[in-house]
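Taken together, the values in this text are just the output of simple stated rules run on the coordinates, not laboratory data. Here the structure is a predicted model, which is why all the values come from computation and not from measurement. We place every Cβ from the backbone using ideal geometry, glycine too, and count neighbours over all the protein chains shown.
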Amino acid sequence: MASPTGTCSGSNQFQNSGSEEELQALMDEKRKKRKQSNRESAKRSRMRKQKQVDDLMVQVSQLRKDNTQLLTALSVTTQSHMAVEADNSVLRTQMMELSNRLQSLNEIIHHMNYANNNNNFIINTNASIYDGPHENTFINPWNNSMFVNQPIMASADMYLY
């Protein structure tokens, strides 16, 4: 009995060791396939990452170019704005000067009209100044229409200094 069981057990050991070797070879093959698959996956991952980095570098380059263009446009716009502000300041100053002159001229006209009204009365009562052969015509430079209605001319050049 020992021999049939011994033979069986020897046969089982031989089968087991054959199975184990096959199993080991199968596991080694699976391990090799897994390693190869992992290598290929890592290679694809590195390629994807490299493509992402390349795409990002292209994007960075484009954004830098856009940024440079925007900065140039901003600089031009800022210079234009400053020029318009300077012109606006000059125009405001000229407007204030002209407003002051207009107010002064209006005051002069008002005083001249007031003086004309009063001078006519004074001159008419004072018969010592004559303006011609008629005794009732008096000299009154403020009443002379040639002077009262003359516009005051101003040159644009005078505002440049």
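Just to confirm a number: summing +1 for Lys and Arg and -1 for Asp and Glu over residues other than Lys33 whose beta-carbon lies under 13 angstrom from that of Lys33, what do you get?
Values: positive: Lys30, Arg31, Lys32, Arg34, Lys35, Arg39; negative: Asp28, Glu29, Glu40.
For residues surrounding Lys33, the net value is +3.
In this simple spin-label model, placing a label point 7 Å from the Cα along the Cα-to-Cβ direction at both Val53 and Ala25 gives a separation of 4.3 nm.
Computed from the C-beta positions of His81 and Asn113 and an R0 of 35 Å, the FRET efficiency is 0.15 to the nearest 0.05.
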